[in-house]
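Here is the structure we will look at, set down as structure tokens.
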Amino acid sequence: METKIAYIEMQHSYKRYQMGSTTITANDDVSFGIEKGELAIILGASGAGKSTVLNILGGMDTNSEGSVVIDGRDISNYSPKQLTAYRRTDTGFVFQFYNLVANLTAKENVELASQIVSDAQDAVKVLEDVGLGDRVDNFPAQLSGGEQQMLALGRAMMGQPELLLLDEPSLGLAPLIINDIFREIKRINELGTTILLVEQNAKVALKHSHRAYVLETGKV
Ligand code: ADP
Ligand code: MG
């Protein structure tokens with residue numbers, strides 16, 4: 001019998017952190033799938049294990065047990081070298097706290113990414129796409145939270161990844177700004193990038209996604 005595997009398929013995934021004699025189970029038998037081209041959301045309270053799922057899918061962390069199939073390949077069996085290539089070319093990541101370099105301008109922040117990806121887009125064009133065309137020479141501290149989020153989004157798209165992962169993009173932002181961010185996320189999605197984001201904000205998640213999963217203390 002043929003079983004259909006989704007574009008992203010996490011199956012019976014566990015992540016355990018050993019802290020001295022205690023084991024923290026951040027992901028406890030997580031299974032879910034996402035189709036190519038979708039905009040999917042995993043919803044969960046703080047500490048539910050969302051960032052852990054995202055970091056594993058982004059190749060920044062590895063699970064303790066279970067499979068993580070992306071486009072037919074199980075990245076949980078990847079060597080560190082394969083994971084590096086995967087992180088550089090296949091995925092874009094937007095971190096919870098943007099992780100911009102404070103002493104580099106907006107343009108220089110996105111240009112940093114072009115040094116590690118194979119077919120980088122033009123930095124100014126990327127900044128224009130995310131509405132920062134007139135802010136290219138500003139430093140992150142001269143940008144609002146929403147603009148910094150847009151800059152982080154632009155940087156993640158420099159290598160034109162097939163999969164974009166975002167960690168709580170609405171966190172701390174005003175509703176109008178959240179709408180702007182999601183308009184941009186949807187534009188990127190409509191151009192063909194599969195997107196998974198994690199959120200605490202149920203209203204945002206349900207308003208903007210094709211598919212939503214709920215993560216409760218380590219379980220989907
Ligand atoms: P969320 O993103 O949903 O807030 P996380 O995935 O960051 O949740 O964390 C899930 C659980 O795993 C939390 O209890 C957190 O303290 C724990 N955890 C996450 N990363 C580590 C780590 N590197 N070492 C130990 N515990 C961790
Ligand atoms: Mg988190």
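Please specify each residue of the range 50-92 satisfying the condition of being among the basic types (K, R) and over 23 Å from M150 (Cα atoms).
Pass one, the range 50-92, residues among the basic types (K, R): 50, 73, 81, 87-88.
Result: R73, K81.
Scanning the range 49-66 for residues that are more than 17 Å from I185 (Cβ to Cβ) and in contact with a Ser or Thr (Cβ under 6 Å, 6 or more places away or on another chain) returns N63, G66.
Could you tell me whether Q148 is among the polar types (S, T, N, Q), under 24 Å from E108 (Cβ atoms) and assigned to a helix (DSSP H, G or I)?
Against the criterion (among the polar types (S, T, N, Q), under 24 Å from E108 (Cβ atoms) and assigned to a helix (DSSP H, G or I)), Q148 qualifies.
Taking first residues from the range 205-220 that are free of Cβ contacts under 8 Å to residues at least 24 places away in the same chain and farther than 22 Å from P175 by Cβ and partners that are more than 15 Å from ligand 1 (Cβ to nearest atom) and of a type in the set (V, I, T), no Cβ contact under 7 Å between residues at least 6 apart in sequence or on separate chains turns up. Considering the conditions (1) over 18 Å from R183 (Cβ atoms); (2) in a loop (DSSP other than H, G, I, E, B); (3) more than 16 Å from ligand 2 (Cβ to nearest atom), G131 is excluded by exactly one of them, (1).
Residue count for the range 154-182, restricted to those that are within 16 Å of ligand 2 (Cβ to nearest atom), surrounded by fewer than 17 Cβ atoms within 10 Å (Cβ to Cβ) and aliphatic (A, V, I, L, M): 1. Residue selection: E199 satisfies the criterion of being within 14 Å of the chain's Cα centre (by Cα), of a type outside the set (F, W, Y) and farther than 20 Å from L100 by Cβ. Considering each residue of the range 19-34 in turn, none proves to be hydrophobic (A, V, I, L, M, F, W, C), in contact with a helix residue (DSSP H, G or I) (Cβ under 7 Å, 6 or more places away or on another chain) and away from ligand 2 (no atom under 16 Å from the Cβ).
Can you name the residue in the range 39-73 that is at pLDDT below 95 and among the charged types (D, E, K, R) and, of all such residues, is nearest to ligand 2 (Cβ to nearest atom)? Once the filter is applied, the top-ranked residue is D61.
Residue-by-condition table, conditions (1) touching an Asp or Glu at 6+ places or on another chain (Cβ under 6 Å); (2) in contact (Cβ under 8 Å) with a residue 60 or more places away in the chain; (3) on the phi > 0 side of the Ramachandran plot; (4) of a type outside the set (D, E):
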residue	(1), (2), (3), (4)
T52	no, no, no, yes
L57	no, yes, no, yes
S67	yes, no, no, yes
G72	no, yes, yes, yes
Y86	no, no, no, yes
T89	no, yes, no, yes
E111	no, no, no, no
D119	no, no, no, no
D129	no, no, no, no
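Could you tell me whether the range 166-189 includes any residue that is of a type in the set (D, E) and more than 16 Å from ligand 1 (Cβ to nearest atom)? Outline the logic, then answer.
Going through the range 166-189, the residues of a type in the set (D, E) turn out to be 167-168, 180, 184.
This time we only want the ones that are more than 16 Å from ligand 1 (Cβ to nearest atom), so: 180, 184.
Yes, some residue in the range 166-189 is of a type in the set (D, E) and more than 16 Å from ligand 1 (Cβ to nearest atom).
Can you confirm whether V214 is within 16 Å of ligand 2 (Cβ to nearest atom), farther than 23 Å from D71 by Cβ and touching a helix residue (DSSP H, G or I) at 6+ places or on another chain (Cβ under 8 Å)?
Numbers: within 16 Å of ligand 2 (Cβ to nearest atom): yes; farther than 23 Å from D71 by Cβ: yes; touching a helix residue (DSSP H, G or I) at 6+ places or on another chain (Cβ under 8 Å): no.
So V214 fails the test.
The values are calculated or read from the model by the stated rules, or taken from the named source; none is laboratory data. Since the structure is predicted, the reported quantities are computational estimates derived from the model, not experimental observations. No Cβ is skipped: glycine too gets one built from the backbone with ideal geometry, and neighbour counts run over all protein chains shown.
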